[in-house]
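In what follows, a structure is listed as structure tokens, so that the remarks can point back to it.
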Amino acid sequence: MKIIADLHTHTVASTHAYSTLQEMVTAASEMGLSAIAVTDHGVEMPGAPKAGTWYFSNLRSIPHLYHGILVLRGQETNVLNMEGEIDLEKEAEPWMDWVVASIHPPCFRSGEKQKDVTSAWQGIAENPIVNVIGHCGDPRFPFDYEKMIPIFRDAGKLVELNEATFSVRSQSTSNCKKIMQLCKKYSAPIVVNSDSHFSANVGKFPQALALLQELNFPEELIINSNIERLRKYLQCYTRVFEDHALSEGGF
């Protein structure tokens, strides 16, 4: 199994990450990837880009084709409450190609009861700008997996298997396994991402791929394991192909 796109990464704009946007894209190119999404943290996260809207809206200055790969301009937005509100500012929304929605302890304000977290994810599922359900196996924020996985599928949301979880959120791994089993059961598409905060980790997913192999997970459900599947998803759920340079450039 080969992953051809890393669709959750961070740059120095998130001040707990350590590589520039150019370094991240260059690393993706050197790894032989076809695409990368740059998804710095939304404004409610400590260390997020201080410029907020200015930073995220000005991502439009980054070409979609650079070093021969597709660069998706995005954000890892924070889920704020049980209504599923996020901190992606309205002024920046038109410039977003790719939005990962995640729950982070400093930002989520609705407690940790299962019904609250399930309600939050229900709101996210109904938000058309969100593409990815980010690292959702955190045991501090349990939700009704059996209920929500088919809802994510039907709403066109990709459930993320996050490589960084295995090192920085190791308490989440058993839940991640359950979530992947349910994605397999309900034919819910997933995306495998590094969540890299340093360029050397871009495009590397050894533990995530080992888990999928253990589960005999169907490759056809992994959106970023095939360029045609990724292209089809982007055409259906994003506006990125409004940039004619992509078709002219051959992506």
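The values are calculated or read from the model by the stated rules, or taken from the named source; none is laboratory data. The shown structure was predicted, so the numbers you read here are calculated from the model rather than taken from an experiment. Neighbour counts run over all protein chains shown; Cβ positions are idealised from the backbone, glycine included. Areas reflect the complete protein model, heavy atoms only, side chains present, ligands, DNA and RNA absent. Shrake-Rupley method; radii C 1.70, N 1.55, O 1.52, S 1.80 Å.
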Heavy-atom surface of region 135-250, accessible at 1.4 Å and reported per residue (Å²): 45 Å²
The chain: relative contact order as a whole-number percent, Cα under 8 Å and 6+ apart: 21 percent
Difference of contour (0.36 nm per residue) and Cα-Cα distance, LYS204 to SER167: 12.0 nm
Out-of-range pairs (alpha-carbon distance over 30 Å; input LYS115/LYS184; LYS2/LYS185; LYS115/LYS232): LYS115/LYS232
Cα-based shape type of region 21-144, given that a ≥ b ≥ c are square roots of the gyration tensor eigenvalues and the cut on a/c is 1.5: prolate
Phi to ³J(HN,Hα) by Karplus 6.51 cos²θ - 1.76 cosθ + 1.60 over region 189-200, Hz, x for Gly, Pro: x, 10, 9, 9, 10, 8, 6, 5, 10, 8, 4, 5
Contour minus Cα-Cα distance for LYS147 and LYS232 (0.36 nm per residue): 28.0 nm
The chain, accessible surface, carbon-and-sulfur percent (1.4 angstrom probe): 51 percent
Three-way shape call for region 152-240 based on the alpha-carbon gyration tensor, with the a/c threshold at 1.5: oblate
Separation in nanometres of the label points that stand 7 Å from Cα toward Cβ, at LYS2 and LYS178: 3.6 nm
Among LEU158, ASN175, MET96 the positive-end extreme of the charge dipole of region 67-198 (Cβ point charges): ASN175
Region 74-170 shape via C-alpha gyration tensor axes, a/c threshold 1.5: rounded
The chain - Kirkwood radius from inverse mean 1/r over Cα pairs (Å): 17.8 Å
